[in-house]
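The values are calculated or read from the model by the stated rules, or taken from the named source; none is laboratory data. These numbers were taken from a predicted model, which means no experiment stands behind them. Please note that ligands, DNA and RNA were not included when accessible areas were found on the heavy atoms of the full protein model with its side chains. Shrake-Rupley method; radii C 1.70, N 1.55, O 1.52, S 1.80 Å.
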Amino acid sequence: MATSSSNRASTRIALGIEYDGSRFLGWQTQPGGGTVQDALEAALSGIADAPIGVTCAGRTDRGVHARAQVVHFDTGAERPDSAWVRGVNAMLPEAMAVRWSQRVDPDFHARYAARSRTYRYVLLNRPVRPALAARYAGWHHAPLEVEPMREAAALLLGQHDFSAFRAAECQAKSPVRTLHSIAIEREGERIEFTLRANAWLQHMVRNIVGTLVYVGKGKHRPQWAAQLLESRERARAAPTFGPEGLYLEAVEYEPRWNIPAATAGKTALPVES
């Protein structure tokens with residue numbers, strides 16, 4: 001493979017990737033490796049025959065999955081588009097795959113150009129803990145009522161200070177986010193929460209789900225969600241739900257960037273029902 005020339009014009013490329021978060025130590029690179037970013041950059045660097053660094057649309061924690069993560073990187077290497085998909089996939093661990101590759105304008109930024117990010121939380125609601133779905137779904141043993149959870153979710157919509165729903169170690173400069181929608185659907189023992197926002201604070205989705213579960217089991221009335229928002233106190237909210245049931249489902253961009261749209265759908269992983 002030819003080595004890219006240092007004076008060759010750089011090309012910005014966007015990728016859509018999916019991964020099983022239970023096999024990685026989160027997104028962000030670590031000195032000891034083992035993260036999604038580490039594996040992806042190593043594979044891309046192998047194809048480019050030069051070091052490659054990537055930027056993602058949204059960092060995911062350890063155990064959190066992605067159906068439609070978006071990243072971008074710059075390279076001086078000239079490779080066919082197929083090399084950034086099939087070639088990279090041949091060098092990735094089986095728990096991760098590139099779904100598409102797209103050459104983009106140099107001004108495109110996977111994180112800053114994103115208009116919204118959609119997450120889905122899959123929850124099994126039954127007395128007995130799951131086995132086959134242990135790494136791919138959350139679990140709550142007590143019966144949950146969907147309608148009170150929907151009432152509480154509606155109170156969280158819009159632009160708010162979400163300090164009561166952010167992790168203590170969250171490094172975001174501002175706790176203000178705009179929550180566009182929350183859909184809650186039940187099918188048998190499976191409950192899915194689909195949340196779309198302009199951006200997210202660390203653990204924000206999992207903390208919202210925990211709060212809605214407290215409402216669903218009758219520990220609090222729906223109005224409690226609004227009270228938490230007003231309090232801005234994380235200690236008053238429900239515990240953080242586990243990462244196993246969380247999926248990054250879609251990242252939305254303006255049409256001018258020509259980024260393939262990802263449509264959030266039912267998560268097709270070994271979730272018991």
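Using θ = phi - 60° and the Karplus form 6.51 cos²θ - 1.76 cosθ + 1.60, what ³J(HN,Hα) does each residue of the range 113-124 get, whole Hz, x for Gly and Pro?
Once θ is set to phi - 60°, the couplings for the range 113-124 become 8, 5, 8, 7, 9, 10, 10, 10, 10, 9, 10, 8 Hz.
Over the alpha carbons of the range 1-151, what is the largest minus smallest coordinate on each principal axis, giving the biggest first in Å?
62, 30, 28
Hey, could you get me the Stokes-Einstein D for the range 49-114, Kirkwood radius over alpha-carbon pairs, 10 °C and 1.306 mPa s, rounded to whole µm² s⁻¹? If you can, show how the numbers build up before the last one.
Details: Rh = 13.3 Å.
D = 120 µm²/s.
Sort 45, 10 by heavy-atom solvent-accessible area, probe 1.4 angstrom, most to least.
Working: 45 30, 10 75 Å².
These residues rank, largest area first, as 10, 45.
Identify which of 146, 36, 213 has the largest mean-square fluctuation in a Gaussian network model of the chain, with springs joining Cα atoms closer than 10 Å.
Comparing 146, 36, 213 in the GNM, the peak value goes to 146.
Relative to the first principal axis of the alpha-carbon coordinates of the chain, what is the inclination of helix 36-48, with its axis defined by its Cα atoms, in degrees from 0 to 90 and to the nearest 10?
20
For the range 117-161, compute the orientation-averaged projected area of the C-alpha convex hull (one quarter of its surface), in nm².
That works out to 4.6 nm², a quarter of the Cα hull's surface.
In vacuum, with every alpha carbon of the range 110-204 counted as one equal point scatterer, what does the Debye formula give for log10 I(q)/I(0) at q = 0.12 Å⁻¹? Two decimals, please.
-0.46
State whether the range 97-146 is rounded, prolate or oblate according to the following rule on the C-alpha gyration tensor (a ≥ b ≥ c being the square roots of its eigenvalues): a/c under 1.5 gives rounded; otherwise a/b larger than b/c gives prolate, and the remaining case gives oblate. Walk me through the numbers on the way to the answer.
Values: a/c = 5.90, a/b = 2.54, b/c = 2.32.
It comes out prolate by the Cα gyration axes.
How much mean residue ellipticity at 222 nm does the chain get from its helices, if each DSSP H run of length 4 or more adds -39500 (n - 2.57) and you divide by all residues, to the nearest 500 deg cm²/dmol? Don't skip to the answer; put the middle values down first.
On the way: 5 runs with 47 residues, N = 273.
Helices in the chain give a 222 nm mean residue ellipticity of -5000 deg cm²/dmol.
If amide hydrogens are placed 1.01 Å from N in the peptide plane, which non-local residues have theirs closer than 5 Å to the one on residue 60?
Residues meeting the criterion, in which the H sits 1.01 Å from N, are 27, 28.
How large is ³J(HN,Hα) for each residue in the range 63-75, as worked out from phi by the Karplus curve 6.51 cos²θ - 1.76 cosθ + 1.60 (θ = phi - 60°), to whole Hz, x for Gly and Pro?
Couplings: x, 8, 9, 9, 9, 8, 5, 10, 10, 9, 8, 10, 8 Hz.
Give a residue-ordered list of calculated ³J(HN,Hα) values for the range 201-211 (Karplus: 6.51 cos²θ - 1.76 cosθ + 1.60, θ = phi - 60°; whole Hz; x for Gly, Pro).
The phi angles translate into 8, 4, 6, 4, 4, 5, 6, 5, 4, x, 5 Hz.
Three principal axis extents, largest first, for the C-alpha atoms of the chain, in Å?
Result for the chain: principal-axis Cα extents of 64, 38, 35 Å.
Given the options 113, 168, 225, state which has the largest fluctuation in a GNM of the chain using a 10 Å cut-off (strictly under) for Cα springs.
168
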